[in-house]
Structures are given as structure tokens and as C-alpha cells.
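S.K.: Have a look at the structure that comes next, please.
The values are calculated or read from the model by the stated rules, or taken from the named source; none is laboratory data. All figures in this text were calculated on a predicted structure; none of them were measured in a lab. Cβ sites come from the backbone with ideal geometry, for glycine too, and all protein chains shown count toward neighbours. For accessibility, only protein heavy atoms count, side chains too; no ligands or nucleic acids. Shrake-Rupley method; radii C 1.70, N 1.55, O 1.52, S 1.80 Å.
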Amino acid sequence: MQNVLTLVLAGGKGSRLEPLTLDRSKPSVPFGGMYRIIDFVLSNCINSGLRRILVLTQYKGASLDRHINMGWHFLCRELNEFIDVLPPQQRVGEHWYRGTADAVYQNIYTIEQAAPNYILILSGDHIYRMDYSSFLYDLIEADADCSIACLPVGLEEGRSFGVMGIDENRWVRRFEEKPDNPFPMPGHPESCLASMGIYAFKASFLFDELCRDAAIPKSSHDFGKDLIPHMIQSSQVRAYPVQNEDGDGPIYWRDVGTLESYYQASMDLVSVEPQLNLYDPMWPIRGYHPPVPPPKFVFADHDASPKRVGHAMDSLVGPGSIISGGEVTHSVISQSVRINSYATVVNSILFEGVQVGRSARISNAIIDKNVSIPNDMTIGIDPEQDRRNGLTTTECGITVVPKGHQFR
């Protein structure tokens, strides 16, 4: 993998995730109690033997830059290993990134300095586990110019992705970005083949395509909308259906671009046998983990009325958290959270530093960092009350408390 350079696109606004993205980019949103979203893609890279990585940022990149500096600087520069953060440098114009392809094109000078033979392009805001080495070897063995990782999704879901048509040898013959009416897979009328936004290229081929596209004024300079449809007309573009470890179906892969999808992916983690296993020692998920103590559960007054027992069931509880006489059920609790006596937290996600007051009740909620919940407060139970308190509520009944929110 020494001749591969990996580019992680991490510059999107993430407006559909507001208010979680009011002060941070989507890839830097906390996930899973002690990680950021981008940690999953970066961990995939390291576990796949890829150690030359450029992270392309743009909007609200300060927290992402800080996180990578604190948690991802263990690679050895002397061995040509690195994870570098690249904000827009305006080397080829006075504008910010105008599309995914333009983000790569604007950094073409830095990419050329690394002298790769192959380039892997990833999105920094998806949750999944994948060995990229098999994907890259397939590109090389087939002598393809480009390869696209893909998986089947329902037709309705396919409207949010690039939809592909392939022949019996997995060469891409048709590609439509976010079609209104996705075309089904042969023999599977209820499904279509969707691009995962994971691309591998021969470096020289990609450079030529980026320069060609940059000279087209009417182009939106996007891989899915412009480059891929053009490539399949004149080049060898290959599909790579990604399978799970057993080879009996597609991998677990989630685009957490909306509050609902983010919430559901988080709830997936607390299953008895989650599809995404955080506990596999052969595939560690890395990130920044501050020096805080283990979680603590205190008070065991079973005979009191009401009971005062600090406990958590079917939940993830991060380090430094104290469940002090409260009850947590089917929830993700980040680090340094305190849940006080008689409080209940159900089907919820609490970010770092949240303090839950006595007898407070929280259900179906996402609470961002450093929020103090008053005693007896209810959140996620009465949507009208939540809106009066200045909180965001979704159509699916999820209440979101923004970072540092002050209750009156």
C-alpha cells in the first residue's frame, strides 16, 4: 500500500445535522460515546495498511483539525507515513471547493508531491468497517482506470445516492446521480446498486480527468454528477460490491447525514449483537481518548422508596461518567457525563460533559456537549414543551439540545 495516497473529503457543511453542526463539521460530530465520525474512516485506513492520508477540510474545520492533531499523530513522518489536514489553499483560483472533484483538483500540487501510483478517495462522514486493500487489489488486478465501491439499497433509498448499472464482469455501463426514479438491479426489482462514495483511481488517469473537468465552465465539478458519468463512456470503470466478512451479504454502512440517520446509527451500537462491532481487537477503532477515569455507578438503595440505584442497561457508557443514583436504558453516554439520583435517560445520546439533574426525565433525545439539565426537567416527552424551550424536534420525534444550551 506504499504507492497509494488516500484522500478523505471532510469539508461538507452538514446542514441537515444542525444543530449538531452549528460549531463543527459533520466528520467531527461525536459518535459512539468516545469517537468522532471521521475516526471510523481513518481507522479503516490504518487497519487496511494505508498510512499516507490527506484530510481535505473546508467548513468549520477547527475542531476537526484539533481532534486529528490530538489523536492521530502517531504515524512516523520519517517512514513516509502521515495524516495531514489540508484546508482550501486557493492554489488554482480565489474560490472555495465547488464540488468533490474540485476539492481534489485544488490540492493536485500536494497530491503530485506524494508521487502516488493510485489514489483512494473516501468520504469522512460515513460509519462502516471496510478493508480497503481488497478494493485496491481488485482495481490493480483488473487494470481498471477507476473502481467504485457499491452495495444494494432499496429503490426509495437509492434517490440519495449514485445508482449504477453493471455488466456480468462488473464493469460500470450506467451511472445516475441521485435519480428521481432509480433503476433496479437485474433480478432484484426492489433494489438498486448504490455508490458508497468510495473511489479508487490510477493517479495519472485521475489527474487527466480532473484537469479536463476543471476546464468546463458549466460543470459542477462533482465526482458523481460529472466525472463518473463521463468516465464510463470512454474508460474502464469497475464496480466493487462490498461484502461482510462472511461473504453472505453487504457490509454495515451508514450515511449519518441527517439527525434521524445519526440517531439510528447510534442506537444500532447498543444492540446485543451490533452489526458494527466496536469490541473486535483485530479491528480497533482509534481516536483521541483523554486521561479520564473509568465510569462509575453509585448508590444501591434498593429498599428506598423510590429506589435510588445507579445503573445502566443495554447502553454504552463512556469513561469519566458517573451514574449517581440514576437510570440509563438503551442509550449512548459519552465521557464525563453525570446522571444524578432518580433521573432517567431512555433511548438517548448524551455528549461529553452533560449534567442531568435529579428526577429529570430524558427520552428520544440527542444532547450536545456541556448542557446542564435542571432538576425535574423533561426532554423528548412533550414536543411542544421542547420547542418552547428553544429545542429542535424532528418529524420522527427526536429532540435535539444544542451545545451549551442554557435552560431558563
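S.K.: Taking R0 as 30 Å, what FRET efficiency do you get between residue 233 and residue 278 from their Cβ-Cβ distance, rounded to the nearest 0.05?
M.R.: 0.10
S.K.: If you don't mind, there's one more thing I want to ask. Whole angstrom only: what separates the Cα centroid of region 1-26 from the Cα centroid of region 237-257?
M.R.: First find each Cα centre; the distance between them is then 20 Å.
S.K.: Then there is this: What's the center-to-center distance, using Cα atoms, between region 133-164 and region 360-387 in Å?
M.R.: If we compute the Cα centre of each part, the gap is 41 Å.
S.K.: Once label points are set 7 Å from the Cα along Cα→Cβ at both residue 178 and residue 133, what is their separation, rounded to one decimal in nm?
M.R.: Between residue 178 and residue 133, the simple spin-label model gives 3.6 nm.
S.K.: Name the trypsin sites (Lys or Arg not before Pro) in region 1-47 that are in a loop by DSSP and that have at most 13 other C-beta atoms within 10 Å, would you?
M.R.: Taking region 1-47 and a limit of 13 other Cβ atoms within 10 Å, the loop trypsin sites (Lys or Arg not before Pro) found are 13.
S.K.: Which of these, 192, 396, 45, has the largest mean-square fluctuation under a Gaussian network model of the chain (Cα springs below 10 Å)?
M.R.: Ranking 192, 396, 45 by mean-square fluctuation puts 396 first.
S.K.: Angle check, please: helix 38-47 long axis (alpha carbons) against the longest principal axis of the chain (alpha carbons), in degrees 0 to 90, nearest 10.
M.R.: Around 60 degrees separate the two axes.
S.K.: What is the pair-distance distribution P(r) of region 312-408, computed from all Cα-Cα distances in 10 Å bins starting at 0, with each bin given as a whole percent?
M.R.: 19, 58, 23, 1
S.K.: So what is Rg over Rh here for region 181-244, counting just Cα atoms and using Kirkwood for Rh?
M.R.: Over the Cα atoms of region 181-244, Rg/Rh equals 1.02.
S.K.: Across the chain, how many lysine pairs separated by 8 or more positions, or lying on different chains, have Cα atoms within less than 21 Å?
M.R.: Taking the Cα cut-off of 21 Å, the pair count is 18.
S.K.: At q = 0.13, 0.20 Å⁻¹, what log₁₀ I(q)/I(0) does a Debye calculation on the Cα points of region 208-292 give, no solvent, two decimals?
M.R.: Taking Cα atoms of region 208-292 as identical point scatterers yields -0.77, -1.02.
S.K.: Can you work out the FRET efficiency for the pair residue 268 and residue 215, with r the C-beta to C-beta distance and R0 = 35 Å, to the nearest 0.05?
M.R.: 0.20
S.K.: Give the peptides 144-152, 213-221, 228-236 in descending order of average Cβ contacts within 10 Å, highest first. Walk me through the intermediate numbers first.
M.R.: Working: 144-152: 23.2, 213-221: 13.4, 228-236: 16.4.
Order by mean packing, descending: 144-152, 228-236, 213-221.
S.K.: Also, quick follow-up: With springs only between Cα atoms under 10 Å apart, run a GNM on the chain and tell me which of 295, 281, 241 wobbles the most.
M.R.: With Cα springs under 10 Å in the chain, the top fluctuation among 295, 281, 241 is at 281.
S.K.: Just subtract the alpha-carbon distance of residue 96 and residue 112 from 0.36 nm times their residue separation and send over the number in nm, one decimal.
M.R.: Numbers: separation 16, 0.36 × 16 = 5.76 nm, distance 2.02 nm.
Going from the current span to full extension adds 3.7 nm.
S.K.: Just name one of 191, 146, 28: the one whose Cα is farthest towards the positive end of the charge dipole of the chain (beta-carbon charges, Lys/Arg +1, Asp/Glu -1).
M.R.: Value computed over the given set: 28.
S.K.: When ranked by the protection proxy of mean other Cβ atoms within 10 Å per residue, highest first, what sequence do the peptides 260-273, 335-348, 71-84, 313-326 form?
M.R.: 335-348, 313-326, 260-273, 71-84
S.K.: Next question, about the same structure. Can you find, among 79, 119, 67, the residue farthest towards the positive end of the dipole of region 56-129? Put +1 on the C-beta of Lys and Arg, -1 on that of Asp and Glu.
M.R.: Projecting each Cα onto the dipole axis, the largest value belongs to 67.
S.K.: Sticking with this structure for a sec: Over the chain, average the accessible area per residue using a 1.4 Å probe and give it in Å², no decimals.
M.R.: Heavy-atom accessible area per residue stands at 44 Å².
S.K.: Something else about it: Which number comes out as Rg/Rh for the chain once both Rg and the Kirkwood Rh are worked out on C-alpha atoms?
M.R.: Ratio of gyration radius to Kirkwood radius for the chain: 1.00.
S.K.: Follow-up. Given a 1.4 Å probe and every protein chain left where it sits, what share in percent of the accessible area of the chain is carbon and sulfur?
M.R.: That fraction is 47 percent.
S.K.: Cα gyration tensor of region 26-160, axes a ≥ b ≥ c as square roots of the eigenvalues: rounded (a/c below 1.5), prolate (a/b > b/c) or oblate? Don't jump to the answer; show the numbers that get you there.
M.R.: On the way: a/c = 1.18, a/b = 1.09, b/c = 1.08.
Rounded, since a/c falls under 1.5.
S.K.: With just the Cα atoms of region 44-108, tell me how far they stretch along each of the three principal axes, in Å, largest first.
M.R.: If we take the Cα atoms of region 44-108, the spans are 34, 23, 22 Å.
S.K.: Also: Between 0 and 90 degrees, rounded to the nearest ten: what's the tilt of helix 132-142 against the longest Cα principal axis of the chain?
M.R.: 20
S.K.: Placing +1 at every Lys and Arg Cβ and -1 at every Asp and Glu Cβ, with all other atoms neutral, what dipole size does region 274-326 have around its Cα centre, in debye to the nearest 20?
M.R.: On the way: 4 positive and 4 negative charges, 31 e Å.
Rounded to the nearest 20 debye, it is 140 debye.
S.K.: Also: Mean residue ellipticity at 222 nm from the helices of the chain, using -39,500 (n - 2.57) per DSSP H segment of n ≥ 4 over the full residue count, to the nearest 500 deg cm²/dmol?
M.R.: Mean residue ellipticity at 222 nm (helix-derived): -5500 deg cm²/dmol.
S.K.: Also, I was wondering about something else. Please identify which residues in region 355-374 have an amide N closer than 18 Å to a label point set 7 Å out from the Cα of residue 307, following the Cα→Cβ vector.
M.R.: Within reach of a label on residue 307: 359-362.
S.K.: Can you work out the FRET efficiency for the pair residue 408 and residue 300, with r the C-beta to C-beta distance and R0 = 30 Å, to the nearest 0.05?
M.R.: Once the sixth-power term is evaluated, E becomes 0.30.
S.K.: Treating the beta-carbon of each Lys and Arg as +1 and of each Asp and Glu as -1, no other charges, what is the dipole magnitude of the chain about its Cα centre, to the nearest 20 debye? The partial results should precede the final answer.
M.R.: Working: 36 positive and 48 negative charges, 282 e Å.
For this selection, approximately 1360 debye.
S.K.: Just to confirm a number: summing +1 for Lys and Arg and -1 for Asp and Glu over residues other than residue 344 whose beta-carbon lies under 13 angstrom from that of residue 344, what do you get?
M.R.: +2
S.K.: Something else about it: Taking only Cα atoms, what is the 0 to 90° angle, nearest 10, from helix 259-268's long axis to the longest principal axis of the chain?
M.R.: It works out to around 80 degrees.
S.K.: Let me ask something else. About its Cα centre, how strong a charge dipole does region 80-169 have in debye, to the nearest 20, once Lys and Arg get +1 and Asp and Glu get -1 at the Cβ? Numbers along the way, then the final one.
M.R.: Numbers: 4 positive and 15 negative charges, 81 e Å.
For region 80-169, the charge dipole is close to 400 debye.
S.K.: Can you find, among 166, 390, 380, the residue sitting farthest towards the positive end of the charge dipole of the chain, where Lys and Arg contribute +1 and Asp and Glu -1 at Cβ?
M.R.: Toward the positive end, the furthest listed residue is 390.
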